[in-house]
1. Identify all residues within region 89-141 that are open to solvent by 20 Å² or more (accessible area, probe 1.4 Å) and among the small types (Gly, Ala, Ser); write none if there are none.
2. For residues that are modelled with pLDDT of 55 or more and either outside any loop (DSSP other than H, G, I, E, B) or open to solvent by less than 90 Å² (accessible area, probe 1.4 Å) (or both), tally how many sit in region 17-50.
3. Please identify the pairs in which a residue from region 43-59 that is on the phi > 0 side of the Ramachandran plot has its Cβ atom under 9 Å from the Cβ atom of a residue that is polar (S, T, N, Q), counting only partners at least 6 apart or on another chain.
4. Name the one entry in Thr69, Thr61, Thr53 that is surrounded by 14 or more Cβ atoms within 10 Å (Cβ to Cβ), more than 21 Å from Glu120 (Cβ to Cβ) and at pLDDT 95 or above.
5. Where in region 94-154 are there strands (runs of 3 or more DSSP E), lying fully within it, with 1 or more residues that are touching a residue at least 60 places away in the same chain (Cβ under 8 Å)?
Amino acid sequence: MTARSTGRRLTASFAMAIGAMAAALLPLTPAHAAYGPDQPVYLQLVSNDGNATQLALLDGTVAFDDGNTKYRYSLRLCWQHAYPQPYFTINVNGTSTAWPTQIGPTSMPGCQQAYLYSAEVNFGGTVRNVRFDVTGGWFGSNGQYQTRTKSTGTYDNPYN
């Protein structure tokens, strides 16, 4: 009976040792960044020729990770009366401009077309803030083509 107990103990000890070695040798998965609360994004671009023609509407959210190197956005760009199609860029830290990632069209009342944009961006350095710049064009009452770019406020990273 003691030989059997000793055998069980050895087997159990051997199994625990192999389990511990396997756990130690397996590669560790990197920790995922935790994101802060979504901050609402809203910008209505209108012509500045006195007619206040609605050109484009950008709305959605932006959030920052607690590691200070990533941000994510989920935005919708409504093409109202701009010609041609309006667009927006992302300005990081006041110096770096990036093009957003479009994930597809959608429909929205009051829009010729609406486009969805969404991404998680690893900036590769400290993200202090983000701003969105929307550009649209139109033909004024005098028939002359004009463009305008308007910026959202600056969205500060709450982690730095």
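1. Gly94, Ser96, Ala98, Ser107, Gly110, Ser118, Ala119, Gly124, Gly125, Ser141, listed by residue number.
2. Summing the residues that are modelled with pLDDT of 55 or more and either outside any loop (DSSP other than H, G, I, E, B) or open to solvent by less than 90 Å² (accessible area, probe 1.4 Å) (or both) in region 17-50 gives 16.
3. Between residues of region 43-59 that are on the phi > 0 side of the Ramachandran plot and residues that are polar (S, T, N, Q), the close pairs are Gly50/Ser141.
4. Numbers: Thr69 fails: more than 21 Å from Glu120 (Cβ to Cβ); Thr61 fails: more than 21 Å from Glu120 (Cβ to Cβ).
Unique residue meeting the criteria: Thr53.
5. On the way: elements: 96-98, 102-106, 113-122, 129-139, 145-151.
In region 94-154, the matching strands (runs of 3 or more DSSP E) lie at 129-139, 145-151.
The values are calculated or read from the model by the stated rules, or taken from the named source; none is laboratory data. Just so we're clear, the structure is a prediction, and the values are computed from it rather than from any experiment. Counting neighbours? That spans all protein chains shown, and the Cβs are built from the backbone with ideal geometry, glycine included. To get the accessible areas, we keep the full protein, side chains included, count just its heavy atoms, and leave off ligands, DNA and RNA. Shrake-Rupley method; radii C 1.70, N 1.55, O 1.52, S 1.80 Å.
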